[in-house]
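Rule-based calculations on the coordinates, nothing more; no lab input. A quick note: this is a predicted structure, and the numbers were derived from the prediction, not measured. FYI the Cβ positions are ideal-geometry reconstructions off the backbone, even for glycines, and counts take in every protein chain you see.
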Amino acid sequence: MKSYKHLFSRALAAAPGRLHFAAHSHHLWPDASYDGHMAAWDDAAVLADKKWGKVFGEVTPEAQANVAGELGFPDPSTIGFSPNTHEFLMRLFSARTGPIEVLTSDGEFHSFRRQSARWEEDGYVTRRVVPCEPFDKFGERFLAAMREKAPDIAFLSHVMFRSGLRFDHVEELASYASPEGTWIVLDLYHSFMAMPCDFSRVADRVFLLGGGYKYAMAGEGAGFIHAPPGYAPRPAFTGWFADFGAMEGKQGEVAYGRDGSRFLGATYDPTGLYRFNAVYAALKREGVTTADVTARVAALRETLEAAIEAGDAGVLRQAQLLRPNASGPNARFVALRHAKAVEWKTRLMEANIITDARDDVLRIGLGLYHDAEDIAPFCAAVKKALG
């Protein structure tokens, strides 16, 4: 197995004693991200007031092309960027009048779960929540709920953040979408650049949210939305960047771009886009695709799971190893269910072994900076730390 540690020399050298196995949570930044970060600073210094011309004229189109190529979008202009996907969530829902009927799952990330629950307190939304478990029939049960009553918005993670459960019925779900009826929103939090994804067949009907924070290895500040043409043309929660081209003209009606720019907000730090483009270019130079990383991590995951089941990682053997997908690409983390998950994560952190926990699930994330030779030392360190 070829090593790619050289791509992460700065991050690995910054904390040489750290065992970082949380690539699914805060992915270590490649060296290329440093170069992108510095390029953003240099442009701000050299271009000053002209910086935004480059951001919108060069940096953003490059980032749009990178996302579109990764996900199979026919038109990169449907993509808009913001500091985080929560802003897009707010704008998307603001384009409908309440109360909004929402169909979702009990496996959504805290951002949507918390916001939708708070909205429900005020009567702005009503929720129907489909349980993720049992895993093997989740897709069928979610589609059955769609058939029972089509919601205003169906919001669903492509890959669930706790278990790694993958939703494999996107095309059938998309068949319910219409501009004046049901809107379909897929959160790609744990699938964008974590596994090969081709949404070309549903790009005309499905909203997609994602970003550079995790598997794109670009850090914060590069959230994106793919907004299908004709859907949600005028979000009520809007910023001046949504009509950036008209800011010097006479101000009359509230105008919007017709592409993904209609979901833009206000002034933001574009540094995340510089980092994203720099990392994406570095991967291309190395000849590394998302499919390559997925296959590499799958082999590492198999080795790690076998080691845990063999007792090489001590008490982790007591946990339930979640395998929610019968076939196909898995999430880039091992999910272990146990009542002591949070306690284990805390004790591991104290030993400078970085994992994370969500409720009763300990997650161990693998990335491009891990080699097969890293698994045994990790398990031995875990066994020593947890007793």
| query | Hey, quick one: spin label on E172, modelled 7 Å out along Cα-Cβ, who in the range 105-120 has an amide N within reach, i.e. under 19 Å? | reply | 105-106
| note | Final fewest-first order of Y369, Y34 on the 10 Å Cβ neighbour count is Y34, Y369
| request: Just order 24-33, 279-288 by mean Cβ neighbour count inside 10 Å, highest at the front, would you? | output: 24-33, 279-288
| the range 27-154: equivalent-ellipsoid semi-axes (sqrt of 5 x gyration tensor eigenvalues, Cα, Å) | 38, 18, 15
| request: Would you work out which of H6, Y124, F73 lies farthest towards the positive end of the dipole of the chain? Charges go on Cβ: Lys and Arg +1, Asp and Glu -1. | output: H6
| said: Given Cβ point charges of +1 (Lys, Arg) and -1 (Asp, Glu) and nothing else, what value in debye, to the nearest 20, does the dipole of the chain about its Cα centre take? | reply: 640 debye
| task | For each of K345, K384, count neighbouring Cβ atoms within 10 Å of the residue's Cβ, then give the residues from fewest to most. | result | K384, K345
| Relative contact order for the range 33-281, counting Cα pairs under 8 Å that sit 6 or more residues apart, in percent | 28 percent
| task | Could you go through the range 220-237 in sequence order and give the Karplus-derived ³J(HN,Hα) for each residue, using 6.51 cos²θ - 1.76 cosθ + 1.60 with θ = phi - 60°, rounded to whole Hz, and x for Gly and Pro? | result | 6, x, 10, x, 9, 10, 9, 10, x, x, x, 9, 6, x, 9, x, 6, 8
| said: Beyond 13 Å, how much of the Cα-Cα pair distribution for the range 130-196 remains, as a whole percent? | reply: 64 percent
| said: Show me, for the range 40-46, the HN-Hα J-couplings you get by feeding each phi into the Karplus relation (A = 6.51, B = -1.76, C = 1.60, θ = phi - 60°), rounded to Hz, glycine and proline as x. | reply: 4, 5, 4, 5, 5, 6, 6
| Kirkwood Rh (inverse of mean 1/r, distinct Cα pairs), the range 302-387, angstrom | 13.0 Å
| field | Tilt relative to the chain, helix 110-121 - C-alpha long axis, 0 to 90 degrees, to 10 | value | 50 degrees
| request: For the chain, compute Rh as the Kirkwood radius over C-alpha pairs and then the Stokes-Einstein diffusion coefficient at 4 °C and 1.567 mPa s; write the answer in µm²/s, rounded to an integer. | output: 59 µm²/s
| query | What ³J(HN,Hα) values, in whole Hz, does the Karplus curve 6.51 cos²θ - 1.76 cosθ + 1.60 give for the range 176-182 when θ = phi - 60°, with x put for Gly and Pro? | reply | 8, 7, 7, x, 9, x, 7
| What percent does the relative contact order of the range 251-365 come to when contacts are Cα pairs within less than 8 Å and at least six residues apart? | 16 percent
